[in-house]
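Contents: one structure, followed by commentary.
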Amino acid sequence: MKTLHITVLAACALAAPLAMAQTAAKLKVGLMLPYTGTYAALGTAIENGFRLHLAEQGGKLGGREIEFIKVDDESDPSKATDNVNKLIKRDNVDVLVGSVHSGVAMAMAKVAKDTGTILMVPNAGADIVTGAMCAPNIFRSSFTNWQPGYAMGEVVAKKGHKKVVTITWKYAAGDESVNAFKESFEKGGGKVVKALNLPFPNVEFQALLTEIAATKPDAVYTFFAGGGAVKFVKDYAAAGLKKSIPLYGAGFLTDGTLEAQGADAADLLTTLHYADSLSTARDDAFRLAYAKTYRLQPDVYAVQGYDAAQMLGIGLAAVKGDLSKRAGFTSAIEKAKINSPRGAFTLSKSHNPVQDIYLRQVVGKENKVIGVASKALADPARGCKM
Ligand code: BEZ
């Protein structure tokens with residue numbers, strides 16, 4: 001009995017310095033984001049936002065310095081499992097942050113679930129990540145594809161449009177966005193008469209625009225983002241459709257893209273959990289700090305990166321930087337009210353933001369808020385058992 005007592009004491013004496021050494025070491029964060037391709041600007045904005053929050057905290061989260069290991073995931077789901085496995089097995093990252101593309105994020109979530117690695121999703125909206133794949137170690141600082149799509153279906157139905165054509169890329173984000181739109185639009189008495197799509201990241205829209213013109217719907221709903229959104233908005237106007245068939249979209253259509261879209265985006269209505277004219281003290285401070293640091297205006301992606309860092313910081317602070325105290329880390333984030341530039345939000349049981357979805361209108365170079373399309377909208381988290 002005495003021997004056992006001494007052994008336990010000795011083990012504790014050894015374990016204490018080990019834990020201290022671990023929390024003194026830098027926390028390795030694997031940033032798996034697109035830095036090339038149609039979503040390149042989105043990846044950069046997310047990293048900028050993440051780094052801005054870190055800088056505001058004096059370069060530490062929960063008392064730990066951060067070491068970044070970066071991977072360009074190219075928005076390519078076929079490379080995602082290899083990329084994420086390298087970050088975990090070769091680079092020994094403590095935390096994964098990524099990604100933008102839903103297909104890439106689903107692969108990351110699978111590996112995170114299998115290995116128990118903490119995953120912060122700073123954009124990709126794949127419903128399943130906080131639906132059937134939900135897990136205690138997976139958190140999202142952004143949205144589900146369902147959220148802006150569902151909110152816009154209600155808006156378009158209330159406007160009295162009856163016949164709508166949807167157009168998007170054929171992958172999880174596009175499919176889920178238009179399905180969510182259809183769900184609420186048809187509940188509100190409308191009908192989606194045609195669902196058009198093309199493979200990601202193709203931007204050969206001409207044949208589909210001709211089909212829209214021939215179908216003569218009351219309106220069009222779309223999901224495109226990044227470089228593809230710029231091209232779609234310009235092509236829609238050039239085809240002469242903007243004058244005759246109102247175009248509505250999930251807000252990614254006009255976020256971070258207005259400089260390039262110019263007058264072709266004027267007046268477009270979109271739904272999203274952020275806007276350029278919130279005019280709150282919190283958002284004004286964020287926008288000023290971002291503009292000073294990067295000589296750029298922030299967009300929704302920058303906010304989501306900033307909030308991913310805030311969420312990680314909240315969890316780490318609760319356990320004084322010791323990630324082995326997983327229960328304390330998780331419950332701190334679950335209980336938190338995150339003081340986001342978009343407006344404060346909490347996480348649902350499935351770890352997805354419960355948030356206001358704004359109705360925005362493009363005025364000059366801004367997505368101006370013209371109302372709240374859906375207050376405190378929570379994703380239905382279909383299939384999540386946690
Ligand atoms: C997605 O793939 O989930 C996505 C990409 C860009 C903007 C929004 C969603």
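The values are calculated or read from the model by the stated rules, or taken from the named source; none is laboratory data. These figures come from a predicted structure and were not determined experimentally. Neighbour counts run over all protein chains shown; Cβ positions are idealised from the backbone, glycine included.
Summary table
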item	result
Filter result for Ala41 (of a type in the set (A, V, I, L, M) and modelled with pLDDT under 95)	no
Condition check for Thr168: surrounded by 18 or more Cβ atoms within 10 Å (Cβ to Cβ), under 21 Å from the mean Cα position of the chain (by Cα) and in a strand (DSSP E or B)	yes
Qualifying positions in the range 118-133 - away from the ligand (no atom under 12 Å from the Cβ) and within 11 Å of the chain's Cα centre (by Cα)	Met120
Pick from the range 134-156, criterion in a loop (DSSP other than H, G, I, E, B) and more than 17 Å from Tyr171 (Cα to Cα), ranking: nearest to the ligand (Cβ to nearest atom)	Ser142
The one condition in (1) β-branched (Val, Ile, Thr); (2) touching a residue at least 60 places away in the same chain (Cβ under 8 Å); (3) within 22 Å of Ser142 (Cβ to Cβ); (4) surrounded by 16 or more Cβ atoms within 10 Å (Cβ to Cβ) that Val319 fails to fulfil	(3)
Residues within the range 82-119 that are closer than 16 Å to Leu27 by Cβ and of a type in the set (S, T, N, Q), tallied	2
Hits in the range 25-61 - residues which are assigned to a loop (DSSP other than H, G, I, E, B) and buried (at least 22 other Cβ atoms within 10 Å of the Cβ)	Pro34, Thr38, Tyr39
Inter-residue pairs, beta-carbon under 6 Å, first in contact (Cβ under 8 Å) with a residue 40 or more places away in the chain and within 13 Å of Asp379 (Cβ to Cβ) and in the range 127-142, second aromatic (Phe, Trp, Tyr) and within 15 Å of the ligand (Cβ to nearest atom), 6+ apart	Asp127/Trp146
Top-ranked residue in the range 88-108 [being more than 8 Å from the ligand (Cβ to nearest atom) and part of a loop (DSSP other than H, G, I, E, B); ranked as surrounded by the most Cβ atoms within 10 Å (Cβ to Cβ)]	Ser99
